[in-house]
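Step one of this worksheet: look at the structure below.
Please treat every number below as a calculation from the coordinates, not as lab data. Quick caveat: nothing in here was measured; it's all calculated off a predicted structure. Ideal geometry is used to build each Cβ from the backbone, glycine not excepted, and the neighbour counts take in all protein chains shown.
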């Protein structure tokens with residue numbers, strides 16, 4: 001009798017992954033946001049090494065790009081810590 005109950009409990013339990021589909025989507029969104037932030041930081045230099053370029057100190061590189069990178073990290077942390085919904 002006990003063996004039948006154990007077999008029944010074993011078949012009812014299904015293997016669940018640590019992350020759900022929503023977690024993976026959030027991870028990808030976070031990576032894309034961080035990638036955009038890093039792409040916005042590129043450039044600003046001068047073609048001539050003897051000439052200084054003020055393009056290095058614009059809003060895009062000093063403010064927007066770090067905010068996007070920080071937002072991407074926050075999304076990544078949320079994606080890792082979010083628990084998948086259990087079916088009951």
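Note on 71, 63: ascending count of other Cβ atoms within 10 Å places them as 63, 71, the fewest first. With coordinates expressed along the principal axes, the C-alpha atoms belonging to region 31-88 extend over 68, 15, 10 Å, beginning with the largest.
Ranked by how many other Cβ atoms sit within 10 Å of their own Cβ, fewest first, the residues 74, 69 fall in the order 74, 69.
Here the spin labels are modelled as points 7 Å beyond Cα on the Cα-Cβ line, and at residue 58 and residue 83 they lie 4.7 nm apart.
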